[in-house]
Amino acid sequence: MTSEKFWVNHFMPTNRNGRFIAIGLMLFALFFGAGNLIFPAAMGQSAGENVWWALLGFCVTGVGLPLLGVMAMGYSGCRDLQELAGRVHPWFGTFYTVVCYMAIGPCFAVPRTGTVSFEIGIRPFLSADATGVALPIFLAVFFAVTFWFAASPSKLVDRVGKLLTPALVLALLVFIVQSFVTPMGEPQAAGAGYAMSVTAAVQGGLDGYNTLDAIAALVFATLVVTAVRDSGVTGTKAIAGEVYKCGLIAGVLLALIYVFVAKIGAESVSVIGMQETGAPVLALSAQHFFGHAGALLLSLIVLLACLTTSIGLITCCAAFFVRLTGKFTYVVWVGVFTVISYLIGLFGLKTIIVSTIPVLMFLYPPCVALIVLTFCHDLFDGRRCVYATTMAATLVMAVINGLETAGVNLGGLETFLKESVPLHTVGLGWISFAVAGAFVGLLWKAVCPVKGEDD
């Protein structure tokens with residue numbers, strides 16, 4: 001089974017009349033994973049009384065950008081992310097696509113599925129002394145199962161996945177309703193980075209990066225576009241319009257989950273205290289509301305949902321690298337990525353999250369720039385010079401943002417940028433550079449008006 005079949009079989013529309021709901025649910029299933037639960041919960045704890053401002057920013061990057069990414073792919077007419085990013089340069093197209101697949105695959109997203117499963121499904125039921133020994137054992141079993149199903153995909157995974165997403169959503173709904181019936185407490189004072197409404201919104205937007213959904217949108221958008229085309233829609237604008245309508249379903253569902261999970265996180269501090277990550281926030285809150293039996297049921301559903309997500313992502317990555325390299329078999333790539341995921345997972349959820357942030361600060365600016373350029377493609381006749389200069393300028397600041405986030409001392413350069421570049425202090429200085437790069441590209445286009453001179 002190909003990666004496309006894995007995902008499409010979950011919610012492929014069965015008739016044209018029901019395509020909006022069917023494709024919308026498929027898109028929701030593509031986006032919804034471990035990160036969509038733990039990050040709004042953690043953000044809610046930190047944002048406290050400013051949680052609604054933080055949610056505003058979180059929904060912009062965690063809902064808005066992924067939907068724009070899917071729409072951009074539909075609007076572009078490109079087959080995949082590699083072709084779309086190749087508008088900058090073929091080498092960049094390959095490089096950026098590989099990095100994105102590694103980010104949503106064995107480097108970050110897949111190890112996160114294993115560690116989140118452990119934190120929510122196993123750790124609450126263990127003593128503190130047993131945690132260190134249990135994690136490697138659990139991950140070994142988790143990724144052994146992942147390898148087994150990814151190496152020999154079967155309809156069982158499709159059927160289980162088709163049931164688990166609705167089951168998880170239903171469990172969350174019960175969780176959410178209970179949080180309204182018997183709220184855990186009042187939101188506490190906002191933490192550092194969320195102290196003011198504006199800074200809370202900006203920080204919430206940066207927190208939304210952690211879901212990886214905007215990057216995943218560019219990777220998986222082909223599946224959504226294909227589903228729309230198979231339903232009988234033709235024409236670039238018509239496809240983009242249909243994708244938008246279907247995306248509203250996924251967007252509304254994601255936004256609702258983010259709102260209510262963040263609310264639970266904000267109200268939980270007085271009862272369970274501040275937690276290192278969002279996983280124990282959910283686990284301890286479930287115990288508070290439903291006792292051990294309810295927490296156990298939620299843990300089981302989350303664990304199985306994370307497992308199917310892990311299988312799907314490994315399958316997608318392996319299939320892509322087989323197509324890209326033409327070397328080694330599909331099973332070999334599955335084995336390689338499974339081992340990498342296991343080894344990274346051993347560092348634990350907190351370490352994975354902290355390590356991911358600098359990489360995301362590098363990956364997201366070119367992602368957003370590429371989406372904007374795609375929608376503006378016709379305005380500059382699709383000239384490569386505009387793509388290239390915009391992306392080059394964006395990458396300069398993306399690299400700097402990543403280094404700063406990683407704690408690398410840039411000396412006087414950091415001070416200069418904070419004083420001279422608008423929005424740099426809040427991690428959005430790349431916008432100014434992207435605009436400047438686009439301006440240079442447009443000047444280049446004006447000087448060399450013949451298309452092809454910049455290729």
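The values are calculated or read from the model by the stated rules, or taken from the named source; none is laboratory data. Model, not experiment: these values are computed from the prediction. FYI the Cβ positions are ideal-geometry reconstructions off the backbone, even for glycines, and counts take in every protein chain you see.
Just a yes or no: is a residue in region 68-90 part of a helix (DSSP H, G or I), at pLDDT below 95 and farther than 13 Å from L218 by Cα? Don't jump to the end; show me each part of the working.
So the first thing to find is which residues in region 68-90 are part of a helix (DSSP H, G or I), and the list is 68-76, 81-85, 90.
Next, only the ones that are at pLDDT below 95 stay: 68-76, 81-85, 90.
Checking which are farther than 13 Å from L218 by Cα leaves us with 90.
Checking region 68-90: at least one residue is part of a helix (DSSP H, G or I), at pLDDT below 95 and farther than 13 Å from L218 by Cα.
Would you pick out the residues in region 203-254 that are under 28 Å from L172 (Cβ atoms) and small (G, A, S)?
G204, G205, G208, A214, A216, A217, A221, A227, G247, A250, G251 - these are the residues of region 203-254 that are under 28 Å from L172 (Cβ atoms) and small (G, A, S).
Can you tell which of F39, F58 is in a helix (DSSP H, G or I), touching a residue at least 12 places away in the same chain (Cβ under 8 Å) and farther than 20 Å from F220 by Cβ? Quick ask: steps written out before the conclusion?
Values: F39 fails: farther than 20 Å from F220 by Cβ.
None of the other options fit; the residue is F58.
Residues that are in contact with a Gly (Cβ under 6 Å, 6 or more places away or on another chain) and either more than 22 Å from K350 (Cα to Cα) or assigned to a helix (DSSP H, G or I) (or both): does region 318-330 have at least one? Please lay out each step first, then the result.
Start the filter on region 318-330 by keeping residues that are in contact with a Gly (Cβ under 6 Å, 6 or more places away or on another chain), which leaves none.
No, every residue in region 318-330 fails to be in contact with a Gly (Cβ under 6 Å, 6 or more places away or on another chain) and either more than 22 Å from K350 (Cα to Cα) or assigned to a helix (DSSP H, G or I) (or both).
Return the residues of region 415-435 that are more than 19 Å from G193 (Cα to Cα) and either under 28 Å from the mean Cα position of the chain (by Cα) or touching a residue at least 60 places away in the same chain (Cβ under 8 Å) (or both); say none if nothing qualifies.
First, the residues of region 415-435 that are more than 19 Å from G193 (Cα to Cα): 415-417, 419-421, 430-435.
Of everything in region 415-435, those that are more than 19 Å from G193 (Cα to Cα) and either under 28 Å from the mean Cα position of the chain (by Cα) or touching a residue at least 60 places away in the same chain (Cβ under 8 Å) (or both) turn out to be V421, W430, I431, S432, F433, A434, V435.
Take the residues of region 237-248 that are in contact with a helix residue (DSSP H, G or I) (Cβ under 6 Å, 6 or more places away or on another chain) and over 19 Å from F58 (Cβ atoms): which is surrounded by the most Cβ atoms within 10 Å (Cβ to Cβ)? Step through it out loud before you land on a result.
Step one: of region 237-248, the residues in contact with a helix residue (DSSP H, G or I) (Cβ under 6 Å, 6 or more places away or on another chain) are 239-240, 242-247.
Now narrow it down to the ones that are over 19 Å from F58 (Cβ atoms): 239-240, 242-246.
Working: I239: 21, A240: 21, E242: 24, V243: 25, Y244: 16, K245: 13, C246: 29.
In this case the residue turns out to be C246.
Condition first: at pLDDT 90 or above and among the aliphatic types (A, V, I, L, M). Now tell me which residues in region 270-283 satisfy that.
V271, I272, M274, V281
Yes/no matrix, rows are residues, columns are (1) at pLDDT 85 or above; (2) surrounded by fewer than 20 Cβ atoms within 10 Å (Cβ to Cβ):
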{"position": "Y364", "(1), (2)": "yes, no"}
{"position": "V372", "(1), (2)": "yes, yes"}
{"position": "A398", "(1), (2)": "yes, no"}
{"position": "G402", "(1), (2)": "yes, yes"}
{"position": "P422", "(1), (2)": "yes, yes"}
{"position": "T425", "(1), (2)": "no, yes"}
{"position": "L428", "(1), (2)": "yes, yes"}
{"position": "G437", "(1), (2)": "yes, no"}
{"position": "W444", "(1), (2)": "yes, yes"}
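Please identify the pairs in which a residue from region 206-231 that is over 14 Å from G64 (Cα atoms) has its Cβ atom under 6 Å from the Cβ atom of a residue that is basic (K, R), counting only partners at least 6 apart or on another chain.
S231/R16; S231/R19
Given T405, T351, T338, T389, which one is of a type in the set (V, I, T) and out of contact with any helix residue (DSSP H, G or I) (no Cβ under 7 Å at 6 or more places or on another chain)?
T351
Taking region 323-339 only, how many residues are in contact (Cβ under 8 Å) with a residue 24 or more places away in the chain, among the small types (G, A, S) and under 25 Å from R79 (Cβ atoms)?
Total meeting the criteria: 0.
Kindly list the number of the only condition in (1) within 22 Å of F142 (Cβ to Cβ); (2) under 26 Å from the mean Cα position of the chain (by Cα); (3) in a helix (DSSP H, G or I) that fails for E276.
It is condition (3) that E276 fails.
For V281, all conditions in the list (1) in contact with a Phe, Trp or Tyr (Cβ under 9 Å, 6 or more places away or on another chain); (2) part of a helix (DSSP H, G or I) hold save one; what is the number of the exception?
(1)
Need the failing condition index for A318 against (1) touching a Pro at 6+ places or on another chain (Cβ under 8 Å); (2) under 30 Å from V99 (Cα atoms), just the number.
Here A318 meets the rest and fails (1).
Does M43 qualify as being of a type in the set (A, V, I, L, M, F, W, C), within 30 Å of L300 (Cα to Cα), in the same structural domain as F220 (by TED's automatic domain parsing) and surrounded by fewer than 20 Cβ atoms within 10 Å (Cβ to Cβ)? Before you say what the answer is, go through the steps one by one.
On the way: of a type in the set (A, V, I, L, M, F, W, C): yes; within 30 Å of L300 (Cα to Cα): yes; in the same structural domain as F220 (by TED's automatic domain parsing): yes; surrounded by fewer than 20 Cβ atoms within 10 Å (Cβ to Cβ): no.
For M43, the condition - of a type in the set (A, V, I, L, M, F, W, C), within 30 Å of L300 (Cα to Cα), in the same structural domain as F220 (by TED's automatic domain parsing) and surrounded by fewer than 20 Cβ atoms within 10 Å (Cβ to Cβ) - is not met.
Condition test on I264, is it touching a helix residue (DSSP H, G or I) at 6+ places or on another chain (Cβ under 8 Å), in contact (Cβ under 8 Å) with a residue 40 or more places away in the chain and farther than 22 Å from G48 by Cβ?
no
Only one of these is farther than 21 Å from S341 by Cα, among the hydrophobic types (A, V, I, L, M, F, W, C) and either at pLDDT 80 or above or buried (at least 19 other Cβ atoms within 10 Å of the Cβ) (or both): L212, L135, L156, L170. Name it. Please lay out each step first, then the result.
Values: L212 fails: farther than 21 Å from S341 by Cα; L135 fails: farther than 21 Å from S341 by Cα; L156 fails: either at pLDDT 80 or above or buried (at least 19 other Cβ atoms within 10 Å of the Cβ) (or both).
Being farther than 21 Å from S341 by Cα, among the hydrophobic types (A, V, I, L, M, F, W, C) and either at pLDDT 80 or above or buried (at least 19 other Cβ atoms within 10 Å of the Cβ) (or both) holds for just one of L212, L135, L156, L170, which is L170.
Being hydrophobic (A, V, I, L, M, F, W, C) and out of contact with any Phe, Trp or Tyr (no Cβ under 9 Å at 6 or more places or on another chain) is the filter; apply it to region 108-117 and report the residue that is surrounded by the most Cβ atoms within 10 Å (Cβ to Cβ).
Narrowing region 108-117 to residues hydrophobic (A, V, I, L, M, F, W, C): 108-110, 116.
From the residues that got through so far, the ones that are out of contact with any Phe, Trp or Tyr (no Cβ under 9 Å at 6 or more places or on another chain) too are 108-109, 116.
Working: F108: 22, A109: 25, V116: 27.
That would be V116.
Keeping to region 48-98, report how many residues are under 19 Å from V359 (Cα atoms) and surrounded by fewer than 21 Cβ atoms within 10 Å (Cβ to Cβ).
5
Return the pair list, or none, for Cβ contacts closer than 8 Å from residues in region 242-254 that are assigned by TED's automatic domain parsing to the domain that holds G77 to residues that are crowded, with 16+ Cβ neighbours inside 10 Å and hydroxyl-bearing (S, T, Y), at least 6 apart or on different chains.
Matching pairs, first to second residue: E242/S231.
What number goes with the only condition from (1) touching a residue at least 12 places away in the same chain (Cβ under 8 Å); (2) on the phi < 0 side of the Ramachandran plot that W52 does not pass?
Exception for W52: condition (1).
Can you tell me which residue is modelled with the highest pLDDT among those in region 300-329 that are surrounded by fewer than 24 Cβ atoms within 10 Å (Cβ to Cβ) and within 25 Å of V177 (Cβ to Cβ)?
L303
Given the conditions (1) within 28 Å of P280 (Cα to Cα); (2) without any contact (Cβ under 8 Å) to a residue 12 or more places away in the chain, and given that T356 satisfies all but one, which numbered condition is not satisfied?
(2)
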